[in-house]
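This report concerns only the one structure given below.
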Amino acid sequence: MSTPHRRLPPPAVRERAACMCVHGGSCSSFAPGHALHLIQARLSSTTPSEWVDAIIESADAETGVVSLRTIAEAERIMLWNGAGAARVASGTPVALHGRYDVLAVGALRFNVLRY
């Protein structure tokens, strides 16, 4: 004779999940400003005319805030990224994709949140 198994319901979620970048780890979210999704990277690479050249004015690695100024219109743009874009030195040339919010620093690509 076998003993019947009791099915346990899945535990209720008590807290909202937080991205690991908040705790100093690598991003576990594809929300704006977190990890760059493969589709986002592909879409930005297939629309090269929408990249805007810019220069980093300031970057705060602790808060993730990046300030850059476009070369063509001298427009100031404030960004946030939790995946390491704020570790870039001031004066570094970058490119920003306007439609897909991707920041290119050399060969590196970052998902950014504009504010």
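The values are calculated or read from the model by the stated rules, or taken from the named source; none is laboratory data. Just so it is clear, the model here is predicted, and its values are computed rather than measured. Every residue, glycine as well, gets a Cβ built from its backbone with ideal geometry; the counts of neighbours run over all protein chains shown. With ligands, DNA and RNA removed, areas are computed over all heavy atoms of the protein, side chains included. Shrake-Rupley method; radii C 1.70, N 1.55, O 1.52, S 1.80 Å.
Annotations
- Distance between the 7 Å Cα→Cβ label points at residue 67 and residue 46: 3.7 nm.
- Other-chain or far-sequence residues with amide H under 5 Å of residue 33's (modelled H): 112, 113
- Å² of accessible area per residue within the stretch 40-115, as computed with a 1.4 Å probe and no ligands counted: 54 Å²
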